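Below is one structure, written out as structure tokens, with a few remarks after it.
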Amino acid sequence: MSGSADDRAAEGQPSAALHPDELARVHERFAEEHEAAAESLSGDLAEAHRGAADKHEQAASEDRRQAQTAREEADTEHD
């Protein structure tokens, strides 16, 4: 029984670690969901969702930066 990457991630197995580009896409998706929620709410709840969306966008940017750094390091090692 092999199981999917999602199953392994839920079980906390290290082999299920997401690549930074994949993790960035997850953060971007969460940011979109929080923005959608913020649009349908008002007041403090909307602001809380906007804040969460901002944090996910920042995390996505950091993940993309890490992925780029890893690619550059891999290119340097192969040269």
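Values computed for the structure shown
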| quantity | calculated |
| --- | --- |
| When residues of segment 1-22 are limited to those that are of a type outside the set (Asp, Glu), under 23 Å from Gln68 (Cα atoms) and open to solvent by 60 Å² or more (accessible area, probe 1.4 Å), the one modelled with the highest pLDDT | His19 |
| Long-range neighbours under 8 Å by Cβ, at least six apart or interchain, first residue at pLDDT below 95 within segment 57-70, second open to solvent by 80 Å² or more (accessible area, probe 1.4 Å) | Ala67/His19 |
| In segment 37-79, the residues that are among the acidic types (Asp, Glu) and surrounded by 12 or more Cβ atoms within 10 Å (Cβ to Cβ) | Glu47, Asp54, Glu57, Glu62, Asp63 |
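The values are calculated or read from the model by the stated rules, or taken from the named source; none is laboratory data. In this text the structure is predicted, and so the values were computed from the model without any measurement. Neighbour counts are summed over all protein chains in view; Cβ atoms, including those assigned to glycine, are modelled from backbone coordinates with ideal geometry. Protein only, heavy atoms only, side chains kept; ligands, DNA and RNA dropped before computing areas. Shrake-Rupley method; radii C 1.70, N 1.55, O 1.52, S 1.80 Å.
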